[in-house]
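A short write-up of the structure that comes next.
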Amino acid sequence: IKSKRGICSMEFQNHSINKDIPIPLYYQVKQIILDEINNEGVKAGDAIPTEKTFCDIYGISRTTIRQAISELVNEGYLYRVKNKGTFVSQPKVKTDLVNMYDGYNMELFNMSMTPSTQAIELTLVKANSEQARALEINEGDNVIYLLRHRYADGMAMGYVESYFRYPLCSFLLKEDEEAFNSTSVYQILAKDKSTKIKKILKTIEAVGASEAEAKLLNIKKGSPVNMCTNICYSQESGVPVIYELLKYRGDKNKFSIEINID
């Protein structure tokens, strides 16, 4: 019998370790745990058996078990709570790279989680060299700056910094804040043919969380953060309209893209 967050070894007793094949023992244990997570034998918030229990089930050393569990912790599938045990993490949110706003929200809905966005700041700022280069303007020119935080069930998952070409997008300054909380920026821009987005140049890389980012996302400084950079171009004129920086928790998010080849 297993409570909501209780330990249950029954699921793991249905698996076995093969010591006669060249696959490392720790890797076999790791795959067994992953199988139970993916098949929902154990769910988010459930505690997995202790290292000693795993040793008793499979007849292998604690060092081997510890290596398997440590890798799963580092990869975000498990997390440890001091003096309580090791637990299954909430599944990572998979975001469609082609449609990051609707794709992100839909994935959260499919996971029975509630997405939300909070507009933090909307103002005019002076473009630095990086923003000016992306928007093909002069350094020091005015740009519209929009900062939004993104949440899942109230937990901070990431934030988006958007820089809009000015005065081309000056109408954004008249928008109600709620519009940015409930609607994709691309949909708002599509109201005007000169700012409707046709092409997006997207770059993705992993970076370490700064002190401020770590505080916002409730992670340790230096923890992996997925950073996506967008340069979005006007359908009418072809000029850059938006330069965006999107940063998401690396342990809670992953990206996907579908490619069709004729």
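The values are calculated or read from the model by the stated rules, or taken from the named source; none is laboratory data. From a predicted model like this one, the values you see are computed outputs, not experimental measurements. Every residue, glycine among them, receives a Cβ derived from its backbone with ideal geometry; neighbour counts consider all protein chains shown. Remember, those area values only see protein heavy atoms, side chains included, never the ligands or the DNA or RNA. Shrake-Rupley method; radii C 1.70, N 1.55, O 1.52, S 1.80 Å.
Structure values in brief
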{"quantity": "Selected residue [assigned to a helix (DSSP H, G or I) and open to solvent by less than 50 Å² (accessible area, probe 1.4 Å)] from A179, A212", "calculated": "A179"}
{"quantity": "Matching residues, region 161-174, being touching a residue at least 40 places away in the same chain (Cβ under 8 Å), outside any strand (DSSP E or B), of a type outside the set (S, T, Y) and open to solvent by 40 Å² or more (accessible area, probe 1.4 Å)", "calculated": "L168, L173"}
{"quantity": "Pairs with Cβ under 6 Å, 6+ apart, first in region 24-53 and closer than 11 Å to F12 by Cβ and in a loop (DSSP other than H, G, I, E, B), second charged (D, E, K, R) and open to solvent by less than 50 Å² (accessible area, probe 1.4 Å)", "calculated": "G41/E11; V42/E36"}
{"quantity": "Which listed residue is outside any helix (DSSP H, G or I) and out of contact with any Ser or Thr (no Cβ under 6 Å at 6 or more places or on another chain), from I188, I204", "calculated": "I204"}
{"quantity": "Extreme residue, farthest from the chain's Cα centre (by Cα), among residues of region 126-160 that are surrounded by fewer than 14 Cβ atoms within 10 Å (Cβ to Cβ) and polar (S, T, N, Q)", "calculated": "N138"}
{"quantity": "Residues satisfying the stated conditions in region 125-145, i.e. among the polar types (S, T, N, Q) and touching a residue at least 24 places away in the same chain (Cβ under 8 Å)", "calculated": "Q131, N142"}
{"quantity": "Near pairs, Cβ below 9 angstrom, 6+ apart or cross-chain, from region 63-90 (farther than 25 Å from A152 by Cα) to any residue that is among the basic types (K, R) and surrounded by fewer than 19 Cβ atoms within 10 Å (Cβ to Cβ)", "calculated": "I65/K52; I69/R80"}
{"quantity": "The listed residue being open to solvent by 50 Å² or more (accessible area, probe 1.4 Å) and hydrophobic (A, V, I, L, M, F, W, C), out of I188, I200", "calculated": "I200"}
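Residues checked against (1) closer than 19 Å to Y79 by Cα; (2) basic (K, R):
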position: K19; (1), (2): no, yes
position: L25; (1), (2): no, no
position: G41; (1), (2): yes, no
position: F54; (1), (2): yes, no
position: I65; (1), (2): yes, no
